[in-house]
1. I'd like to compare B:105-118, B:280-293, B:165-178: which one has the highest average count of other Cβ atoms within 10 Å, and what's the full order after that?
2. Straight-line reach from B:Lys236: which aspartates and glutamates have a Cα under 20 Å away, not including same-chain ones fewer than 8 places off?
3. Averaged across the residues of B:444-456, what count of C-beta atoms belonging to other chains lies within 10 Å of each residue's C-beta?
4. For B:Ile103, enumerate residues with amide H under 5 Å from its amide H, sequence gap 5+ or separate chain, H modeled in the peptide plane.
5. If Lys and Arg each add +1 and Asp and Glu each add -1, what is the summed charge of the other residues whose beta carbon sits under 14 Å from the beta carbon of B:Glu306?
6. Mind jotting down the distance between the C-alpha centroids of the range A:1-54 and the range A:275-292, whole Å?
7. Show me the ranking of peptides B:235-245, A:45-55 by mean Cβ neighbours inside 10 Å, starting with the highest.
8. Would you please state the base-10 log of I(q)/I(0) at q = 0.10, 0.11 1/Å for chain B, with intensities from the Debye formula using one equal scatterer on every alpha carbon?
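The values are calculated or read from the model by the stated rules, or taken from the named source; none is laboratory data. Note that the structure is a prediction, hence the values are computed from the model and not measured. Glycine also receives a Cβ, built like all others from the backbone with ideal geometry; neighbour counts cover every protein chain displayed. Please note that ligands, DNA and RNA were not included when accessible areas were found on the heavy atoms of the full protein model with its side chains. Shrake-Rupley method; radii C 1.70, N 1.55, O 1.52, S 1.80 Å.
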Amino acid sequence: MTDFFANFLNPEKRLFIGYLISAAFIALIWLRIAQKKPLTEIVSGFFSTNVWFSKSALADYKLMVLNQFFIKLLAPILIGQLALTIFIFENMHLLFSRPSASIPVWMVMLIFTLVLFILDDFSRYLLHRLMHRIPLLWRFHKAHHSATNLTPLTVLRTHPIEAVLFSLRAIIVHSLCLGVCFFFFAESVSLIEIFGSSMFVVIFHSLGSNLRHSHVNLSYWSWLEKILVSPAQHQLHHSINPKHYDCNFGAVLAIWDSIGGSCIVSEKNQDIKFGLKDQSDNAHKLKNLIIGS
Amino acid sequence: MFNKRLTAKAVPLTVVLGSAILISSSAFARSNLYADFPITLKDYSGSATTSVSYKGQMARHALESSLKKLISKGDMSAMQSYYSGDDANRAIIAPATKGDFVIKQSTIGELSNKNLSGKTYKGLIPGWPGNMTGPEVAAFMFEKAANVDGGYDAAHAMDYTQLVSKFLMGAVTYNQAVDNYLDEKLEADNKPNNKPYKDGAAYTGKEHVWDEAFGYFGAPAHTLTISAQDVYNIAKQKDIAAADYNYDGKVDLSNEMAFGHAYYASSYDKGGKTTYLHDIVGAYMDGRDLITSVNGRALSDSERDELKGYAQTIKTNWEKVIAESVFKYAGSTYKDMMKIEAIIESGGDVSKEWRTYSKHWGELKGFALALQVAGKDMGETSVKLNRLIGFSPLLLGNTQVTGIDSNGEYVQSDAETWGGYMVHMLKVQNLMVDEFGVVARSNDMTAGLSELVQSLGAKSSAEND
Ligand SMILES: [Zn+2]
């Protein structure tokens, strides 16, 4: 249970209480000023029992609890991380000569933090794209897309097999980054951190990442939506409408979608239905989420 | 009597009595001085007052450290004299008096007139080319050293001063202790405790077996009364107060000096992560206390089992000390290679760094050879270690010594890339961790990486996009 609450107390997690509060503030400003909705409607929308106790949201909670236990079983995979990192570090010797000239620590920190962020974001995009395009993987990712209501907690509506793939992706990216950067910069390697997490992660989450899984259709200027994924764009990714299928795979950067031809910018005041085509209420049953229907 | 420190200083009588009672009240209290153990031999009628004797071992340490100085002089007859000669007047070249660190003895004969050749491991030395025994490798190295300036062959990056000294430290002292005295000589019918070691001796068979094994380790007799840092300073001849236990103003090489692997043990222990030196000397002390306690009768099987337990503690820790050294110099070699590569890329002169690289590799190789002369089959570990290090450092042009031709000349062949050989050094470090569990890990080239993985590595998360 302490692990469960850690989700809300750890600034590395998207559901950190501080990020939820900042998202609520951003939503309030957006809905009040840009969309000119009455305050009472906004507040009642935040606490709508129709959303938080919907079959879809209840399914989110069930998967969240299930994954809480399942994640513990993944500990052995994480142990392999050191071996992989050393393997990468060793193989760098065969490709490059190891520099001994020292680069200022601040520059190394900037390079490492940036490289980790970019590689992490790109690999998320790539894996996400594969989850949609490869039929076998879609069977797992479908569980996430069967959500008909989006709440910040939908971020943890994840099939356990998908959680394994996410962990493997993270391990490969971190090992690659650490192995390569340690080869070039040795002990100077470190992360620019805020509250113990990468600067970029904290900025991304502080600026309302939680609104991606919500009904608040916060959008950016369309030029910006080609660079950064807005909440409204991610909501398009969850759209039931076939013309939105397989768009906006990106996590933070929309650049990858722009290059890959899958970037769709949001429409003004878009009102989108979420979920899968032809899905019944049974889709929210835990058995169907795990095994499929 | 060696134990003069108590009387030399004005120690309150109560303390002396108190500690005497404390020691005698428990049969298993550990002595803290490897000296003055009484004569337990029945029917001894000579004039000796103690059964402790290991001057021959200290003479061999003095021969080894003197020989190390001679390699760079290139005088073949001097090298041979110290290795296999019998002149009692051979000067102790090292350790010699340095400032207030006055050495009591000046000739080998003042300790005991010995040589090294008779006690060098006769088995195959697999890590050296040419299928040679220990004495043959030593002779080969002397000859090579005599043919190059200062015992240093830049073309093959061979530093014979380091190679010979680190190799012999294993092939003579380590081998004699762990493969002979702490091995077959602990059996019941070999040097029994109810008979003199040899006719007329003041010590029993087992007393002397144990004392010789202690001498080969090279620790001061008063090691348990001082810290690892003190022992390190003694070996470096920096602290006469720590060395001169009996306050005669001189350092007695027969029991106050630190030599050989005892010095290396102190160098790791002073970092605080390990206690090799005190664990080893403590086990020697426990064993000697046990032998003394049976008062000249033969050891029972269970007593010998206990003694073998102490011997095992000594062997395991001693082996780790050598493995720590292999680990350390693999790291030094790696760092040197990084520097050399950078200098070559910028078109500079590498001769100074090449000298250091050769020195560190010589230490690495010498310790690696030493690790394999304990008289036990190390199996695959041995094969891996010798392949990773090879018969020479990686030379410019990415060649390496791969053998010796019929004229005794080195044969070179294409080998690894520069980076590939650096990886070998990393793998040598891994091997020492995996096979010997080294802890001190000086010059650990991947420690920073492990820490980074721990602090910045991936964590499991079910967060979806
Ligand atoms: Zn998706």
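1. Averaged packing, sorted descending, gives the order B:165-178, B:280-293, B:105-118.
2. B:Glu64, B:Asp100, B:Asp244, B:Asp248, B:Asp252, B:Glu256, B:Asp269, B:Glu324, B:Glu363
3. Counting Cβ atoms of other protein chains within 10 Å of each residue's Cβ and averaging gives 6.
4. The list, which skips near neighbours in sequence, is B:Thr97, B:Lys98, B:Val251.
5. That sum, taken over residues with Cβ under 14 Å, equals 0.
6. 26 Å
7. Taking the mean over residues of other Cβ atoms within 10 Å, the ranking is B:235-245, A:45-55.
8. With no solvent term, the Cα-only Debye profile gives -0.77, -0.91.
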